[in-house]
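Each reported figure results from applying straightforward, stated rules to the coordinates on display, with no laboratory input. Remember, predicted model here, so these are calculated numbers, not experimental data. A quick note on method: Cβ atoms are made from the backbone with ideal geometry, for glycine too, and the neighbour counts reach across all protein chains shown.
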Amino acid sequence: MQERKDIYRRLAAHLDDLPAGFPRTQSGVELRILRRLFTEEEAAMAVLLSVLPEGPESVAVRAGLPVAETARRLEAMSRKGLIYRMPDEGGGFRYMANQYVIGIWEYQVARLNPSRRDFADTAVHTDPSLAQHLTQCAIGSSGHPLL
């Protein structure tokens, strides 16, 4: 159980280190959001990625997994909008960390349904500091929405 808590805290810290950040809150709402979006396995893989695109071979070394298994996991995570994927010159793919805003959150909006609506509501209504941060990230320095 402690390991489960730690991986989501590590993921939150990892996301907070990315340019758009992912602020810690007193209520812990950010951890509840990450638990809803990422499995423990996905969270452990996500913390291995940086903002520089790389192939599954590099990630596999850090993950201690076979390349084929790493590629499968990365592909599944990219389809869920948890990480970025881009084609490489050799016909394969490269993967990189996805910021929470603008990135992970926007990929989830289309997937929301009434039973999952609490994902958005949690961020907006439960913790004003997270909602304020998300709003600031979604608006450019010009004051106009980027979305």
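How compact is the stretch 1-81 by the rule of thumb for globular proteins, expressed as Cα Rg over 2.2 N^0.38 Å?
It is 1.11.
Taking 25 Å as R0, compute the FRET efficiency from the Cβ-Cβ separation of residue 106 and residue 79 and round it to 0.05. Kindly include the intermediate steps, with their values, before the conclusion.
Numbers: r = 15 Å, r/R0 = 0.60.
About 0.95, to the nearest 0.05.
Modelling each spin label as a point 7 Å along the Cα-to-Cβ direction, I'd like the residue 67/residue 16 distance in nm, to one decimal.
3.7
Would you pull out the residues with amide H under 5 Å of residue 99's amide H, same chain only if 5 or more places away, H placed 1.01 Å from N?
Under 5 Å from the amide H of residue 99: 104.
Residue 21's amide H: which non-local residues (gap 5+, or another chain) put their own amide H closer than 5 Å, with H modeled 1.01 Å from N in plane and none for Pro or chain starts?
Hits under the 5 Å cutoff: none.
How do 63-72, 38-47 rank on mean C-beta neighbours within 10 Å, highest first?
Ranked from most to least packed, the peptides come out as 38-47, 63-72.
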